[in-house]
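Shown next, in structure tokens, is the structure this report addresses.
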Amino acid sequence: MPGSITRRSLFVSLPLGLFGTAAYARYVEPTWLKFSTIECRLPGLRLGRTLRLIHLSDLHASSLVPAEHIEKAIRLSLAARPDLISITGDFGTVGDSFDPDWYRAQLRLLSQAAPTYACFGNHDGGQWSAGRYGYITTVPLERLLGSGGVGVLKNGVARVRAAGSELQLVGVGDLWAGQCDPAMAFREADAALPTILLSHNPDSKDSLGGYPWGLMLCGHTHGGQVVLPLAGIDVAPVRDKRYVAGLNFWGRRPIHTSSGVGNAWGVRFNCRPEVTLIEIR
């Protein structure tokens with residue numbers, strides 16, 4: 001009798017547990033933002049005080065990512081009083097899946113608070129996006145970001161002054177889009193300046209090893225989005241699984257991979273969306 005009760009309980013509880021897990025992954029975790037703070041050093045940077053850098057990625061504005069969720073991420077970013085803001089790609093998911101006027105206003109909130117720079121991801125235009133009902137080129141988003149005051153670094157460089165020190169940001173085009181061109185990106189870079197590299201896909205590091213950068217900021221992975229380590233399931237879309245999430249080192253150089261703000265499937269599990277404050281000392 002005890003055994004049959006246990007089996008009966010199992011038959012009842014297992015479906016309920018699976019249903020609850022699925023509901024949590026669809027309706028709770030995708031919008032359960034966390035604010036993370038990490039510390040990092042940037043070689044050659046002489047600061048009068050700690051430089052506060054906000055790292056956002058993978059906003060994925062779409063029907064699966066509510067506007068209110070992105071607005072909350074921006075409010076968290078502004079509340080941190082950043083000196084510098086970086087966004088490492090995937091602003092939408094499929095073409096014009098958002099209101100451009102709304103998006104422009106949100107971007108302007110960031111750029112008015114601190115110098116804001118971005119690189120593009122695989123959903124933002126190019127060969128990968130064009131084959132999936134997305135943008136054929138990055139031009140529409142270049143115009144949108146520019147009108148929102150965001151500096152676009154598509155194989156380009158920008159010099160900025162923050163926290164009393166001069167540094168440069170270098171951004172490369174997306175790897176999957178076939179637009180990653182390190183030689184062009186670093187052509188006008190000053191090797192003597194401390195350099196933060198923006199690149200959507202952390203796998204691009206393999207083509208960037210010979211260039212002078214001290215910190216790399218990435219996204220693309222969504223931190224794994226659905227993380228089931230006990231089941232041996234890893235869906236992160238990168239070859240090198242060492243750089244799926246968080247701050248990790250490639251040799252002596254730090255790479256921060258954001259888990260992202262949005263998502264592509266409407267679900268997350270064991271991998272909350274995040275806004276990251278990087279305190280550079």
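Numbers for the structure displayed
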quantity: Residue under evaluation H220, criteria (1) part of a helix (DSSP H, G or I); (2) on the phi > 0 side of the Ramachandran plot, criterion not met; calculated: (1)
quantity: The one condition in (1) at positive phi; (2) over 14 Å from the mean Cα position of the chain (by Cα) that G246 fails to fulfil; calculated: (2)
quantity: Residue within the range 139-147 that is among the polar types (S, T, N, Q) and crowded, with 22+ Cβ neighbours inside 10 Å present; calculated: no
quantity: Odd one out for R143, checked against (1) under 19 Å from G260 (Cβ atoms); (2) of a type outside the set (S, T, N, Q); (3) assigned to a helix (DSSP H, G or I); calculated: (1)
quantity: Residue list for the range 224-273, filter: among the hydrophobic types (A, V, I, L, M, F, W, C), in contact (Cβ under 8 Å) with a residue 40 or more places away in the chain and not in a loop (DSSP other than H, G, I, E, B); calculated: V226, V227, L228, L247, W250, I255, F269
quantity: Matching option when the condition is at pLDDT 95 or above, in the same structural domain as I70 (by TED's automatic domain parsing) and either in a loop (DSSP other than H, G, I, E, B) or aliphatic (A, V, I, L, M) (or both), among Q168, Q179, Q106; calculated: Q179
quantity: Qualifying residue in the range 121-132 (condition: surrounded by 15 or more Cβ atoms within 10 Å (Cβ to Cβ) and of a type in the set (D, E)); calculated: yes
quantity: Tally of residues being small (G, A, S) and surrounded by 24 or more Cβ atoms within 10 Å (Cβ to Cβ) across the range 252-272; calculated: 4
quantity: W213 buried (at least 23 other Cβ atoms within 10 Å of the Cβ) and not assigned by TED's automatic domain parsing to the domain that holds Y24; calculated: yes
quantity: Residue within the range 198-213 that is touching a Cys at 6+ places or on another chain (Cβ under 9 Å), at pLDDT below 95 and over 17 Å from I54 (Cα atoms) present; calculated: no
quantity: Residues of the range 70-85 classified as in contact (Cβ under 8 Å) with a residue 60 or more places away in the chain, buried (at least 20 other Cβ atoms within 10 Å of the Cβ) and in a helix (DSSP H, G or I), total; calculated: 3
quantity: Looking only at the range 26-48, and only at residues there that are at pLDDT 95 or above and part of a helix (DSSP H, G or I), the one that is farthest from V65 (Cα to Cα); calculated: E29
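For (1) among the polar types (S, T, N, Q); (2) within 23 Å of E29 (Cα to Cα); (3) in the same structural domain as W265 (by TED's automatic domain parsing), each residue gets a yes or a no:
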position	(1), (2), (3)
D58	no, yes, yes
V65	no, yes, yes
E71	no, yes, yes
R75	no, yes, yes
L78	no, yes, yes
I85	no, no, yes
G95	no, no, yes
W102	no, no, yes
Q127	yes, no, yes
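The values are calculated or read from the model by the stated rules, or taken from the named source; none is laboratory data. Note that the coordinates shown come from a computational prediction; the quantities given were computed from them, not determined experimentally. Positions of Cβ are generated from backbone atoms using ideal geometry, with glycine treated the same way; all protein chains shown enter the neighbour counts.
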